[in-house]
């Protein structure tokens, strides 16, 4: 059963904290639509994600849109939403080397605490972290990986050390920081480094996935990403690849991934396209 007619009348009266798993958002001004997911209602806005882009959280004014959804996707309670998509359950702890990580055997289980360092830059504040030994009161600096509260983090310094010679890592190696991996399949881990500050409001454009500029008049992104640098870690090679050049992607990764991109004159890679191609079966 679709709630289209009811929502055309009552969308602005939805209560704070209600949730829709999947929906279609339509801009009242020009009736342009897009498929979205994880819709959360606030007092005057809704928060949601584009169905093809699980990285970016978006915000729309309730009075500017209509929402269509199936009643089975509606809930009065907001569930705990996934922020990462890893297929293997890793044991919490410190992994000094790649070999330790590969065998899922922490080098140390010393108690650590994390400090979020990605606010206003990354999608989530805990996408970039500092870690400290609780007993020693010292920063964790050198381990290859840390699994903290079920999330996997790789050392920025170690990423640089294990970069591909053909697709080098160019994002800054911020001292003692660890970046959270957002996706995993049998062949690789995938994530993105954000290098520009976000804007708290204003027009959107590219940050809106499939909706794009269509809804930019009415929508604002609370955590719109700045320019990101996608990268992946090939498990079989113990190597990190930066994904910012279309021609290089086809030359060096097409044989490994079975994905060939259509390259245009600029040769830059679109992060949203990469997410759609590389982050499958979400």
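Couple of notes before you dig in:
- Of all the criteria given as (1) assigned to a loop (DSSP other than H, G, I, E, B); (2) surrounded by 17 or more Cβ atoms within 10 Å (Cβ to Cβ); (3) at pLDDT below 95; (4) touching a strand residue (DSSP E or B) at 6+ places or on another chain (Cβ under 6 Å), the one not satisfied by residue 210 is (2).
- Per the listing 117, 70, the residue uniquely in contact (Cβ under 8 Å) with a residue 40 or more places away in the chain and surrounded by 16 or more Cβ atoms within 10 Å (Cβ to Cβ) is 117.
- Residue 77 being part of a loop (DSSP other than H, G, I, E, B) and at pLDDT 90 or above: yes
- Only one of the numbered conditions (1) part of a loop (DSSP other than H, G, I, E, B); (2) within 25 Å of the chain's Cα centre (by Cα) is not met by residue 106, and that is (2).
- Residues being buried (at least 16 other Cβ atoms within 10 Å of the Cβ) and without any contact (Cβ under 8 Å) to a residue 12 or more places away in the chain - total across the range 120-140: 0
- The residues of the range 250-267 that are in a helix (DSSP H, G or I) and surrounded by 12 or more Cβ atoms within 10 Å (Cβ to Cβ), listed by number, are 250, 251, 252, 253, 254, 256, 257.
- In the range 84-103, the residues that are within 16 Å of residue 144 (Cα to Cα) and under 25 Å from the mean Cα position of the chain (by Cα): 90, 91, 92, 93, 94, 95, 98, 101, 102
- Residue-level analysis places residue 95 among those that are at pLDDT 90 or above, surrounded by 15 or more Cβ atoms within 10 Å (Cβ to Cβ) and at negative phi.
The values are calculated or read from the model by the stated rules, or taken from the named source; none is laboratory data. Every value quoted in this text rests on a predicted model; they were computed, and no experiment measured them. Cβ sites come from the backbone with ideal geometry, for glycine too, and all protein chains shown count toward neighbours.
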